Amino acid sequence: MVIRIGRTLPPAASPFHFMDIISGIAGFFEGGAIVKRFEDELKSFFEVRYCFAVSSGKAAFVLILQALHEIYPERDEILIPAYTCYSVPSAIVRAGFRVRLCDMAPGTLDFDFDRIEEELENPRLLCVIPTHLFGMTADVERIKTLINRRDIFVLEDAAQAMGGGWDGRKIGTLGDVGLFSMGRGKVFSAVEGGIILTDSAQIGRILEKRLAAIKGYGSIGCLKLFLQAVALLVLINPKIYWLPKSLPFLKLGETHFNPSFPIKRLSSFQAGMAKKWKSAITKLKAARSANANKIAGYGIKLPGVCRGTIPDLIRFPVLVADTETKKKILQKSERMGLGISDGYPDSIDGINELWDLSGGNTFPVAKDIAGRMVTLPVHPFVNDNDVRDIVHLFQERSYVEK
């Protein structure tokens, strides 16, 4: 392993400021009122009747799935893309349900819609989870059309796409219920956190009842969040990021399947940190959009159809020629500190703990994506020199051709 000392870009970042931490401390002393105000602001902005703020996107997944199962208790299988964030199957297993997979459409990060119709005939299927991966917009409306009055819910995974839009509607409100993440590296960060949105009175009332029994962080938990916030504020800076990145026990950038995680209400400290969430999202999106458009302007293409515009990305996904090309790009990026990273290490059927879920099916497109996907940083720490270095790396013939 080569250890780089010097300016190093993190693969993804949602930088916040010292004053946001001060706001978090003030929020801690304000208590539950600030959490309620945050939820009310989200309800108003997204024009939904119900909003719940919880400890993480994974916690949001679990609570939603359990609520949906309460409506259709005979259904216990969840359909997800065969290439997605490992947090999704982790949450499904944590909630006590079975993962079902559908392969991807070639050259995209969305479902193969020719294959998904067969999956929808499954009488045990509780919900379908379209995912706006890296901010690339999934076709939620098409899934809803295919479901066509079946007793199957659409849970919109907008964990990486808060603040985005689709045909004049806000992402996160396109399905029966949606969620966002406020973890580090997402659209904006409150250290960690998750948001649930729904306009369904049936789903909302069940979630209200379930959330009433969920505990918050407590003083020690808030202190840990404060310390994490200070560490992130300092260590995420490219001038210093090389240091935590060089420490293997931190396992930065590694992806793991882990269904063991807490489920809590959002703390008042986190709600305080998120006090200026609308302006934070606007500023961070503008910086990411500018960098993404610069990269695209050099001819580097996103997978899938983008309707002529670059979506609101937290990372810029690229499918390179083959696994050897990917390996060379990642090695050179590591030496140069460019922050180019892997997507996810394998398709979901390749997770050791889920070895039995495929039922003999194969998911060749998802496996191919896992082998060829790299993601480019577009966060506010990326400057014009970084963009040029990233583009020059991709323009080297030895790295983009077999």
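So for TYR72, TYR344, fewest C-beta neighbours within 10 Å to most, what's the order?
TYR72, TYR344
Assuming R0 = 35 Å, what is the FRET efficiency of ARG388 and ILE22, from their Cβ-Cβ distance, to the nearest 0.05?
Between ARG388 and ILE22 the formula returns 0.45.
Just list whichever of LYS43/LYS224; LYS245/LYS326; LYS36/LYS209 have alpha carbons separated by over 18 Å in the model shown.
From the list (LYS43/LYS224; LYS245/LYS326; LYS36/LYS209), the Cα-Cα distance tops 18 Å for LYS43/LYS224; LYS245/LYS326.
Compute the separation of the alpha-carbon centres of segment 258-322 and segment 1-59 and state it in Å as a whole number.
If we compute the Cα centre of each part, the gap is 14 Å.
Within 10 Å of each residue's Cβ, count the other Cβ atoms and sort PHE269, PHE153 from fewest upward.
Least to most surrounded, the residues fall as PHE153, PHE269.
Give the label of the value calculated from the structure for volume of the Cα convex hull per residue in Å³, choosing from (i) 135; (ii) 162; (iii) 151.
Given (i) 135; (ii) 162; (iii) 151, the calculated one carries the label (i).
Among bridges DSSP assigns within the chain, what percent are antiparallel (round to 5)?
60 percent
Under a 5 Å amide H to amide H cut-off, with H placed in plane at 1.01 Å, what residues pair with GLU156 once short-range neighbours are removed?
Distant-sequence amide H within range of GLU156: GLY175, ASP176, VAL177, GLY178, LEU179.
What's the exposure ranking of PHE363, PHE111, going from fewest to most Cβ atoms within 10 Å?
PHE363, PHE111
Read phi for every residue in segment 132-139 and hand back ³J(HN,Hα) as whole Hz from Karplus 6.51 cos²θ - 1.76 cosθ + 1.60, θ = phi - 60°, with x for Gly and Pro.
So the J values, rounded to whole Hz, are 8, 5, 6, x, 5, 6, 7, 8.
Just want the answer: with Cβ charges of +1 for Lys and Arg and -1 for Asp and Glu, which residue in CYS102, PRO89, GLY135 is farthest toward the dipole's positive end in segment 18-218?
Sorting the options by dipole projection puts first PRO89.
Could you go through segment 83-93 in sequence order and give the Karplus-derived ³J(HN,Hα) for each residue, using 6.51 cos²θ - 1.76 cosθ + 1.60 with θ = phi - 60°, rounded to whole Hz, and x for Gly and Pro?
3J(HN,Hα) across segment 83-93, in whole Hz: 10, 6, 5, 5, 4, 5, x, 4, 5, 4, 5.
Of all DSSP beta bridges in segment 1-148, what percent run antiparallel (nearest 5)?
Taking every DSSP beta bridge with both residues in segment 1-148, the antiparallel ones total about 10 percent.
Relative contact order for the chain using alpha-carbon pairs under 8 Å, separation at least 6, rounded to a whole percent?
Averaging sequence separation for qualifying contacts and normalising by length gives 26 percent for the chain.
May I ask you to give the average projected area over all directions of the convex hull of the Cα atoms of segment 35-168, in nm² rounded to one decimal?
Projected area, direction-averaged: 8.4 nm².
Quote the charge dipole size of segment 40-167 about the Cα centre in Debye, to the nearest 20; the model charges only the Cβ of Lys and Arg (+1) and of Asp and Glu (-1).
Roughly 400 debye, rounded to the nearest 20.
Apply the Karplus curve 6.51 cos²θ - 1.76 cosθ + 1.60, θ = phi - 60°, to the phi angles in segment 64-69 and return the couplings in whole Hz, x for Gly and Pro.
Karplus values, whole Hz, x for Gly and Pro: 5, 4, 5, 5, 5, 5.
Each value in this text was obtained by applying a stated rule to the coordinates, not by laboratory testing. On a predicted model such as this, the values are computed, not experimentally measured, just so you know. Note that each Cβ is placed from the backbone with ideal geometry, even for glycine, and that neighbours are counted across all protein chains shown.
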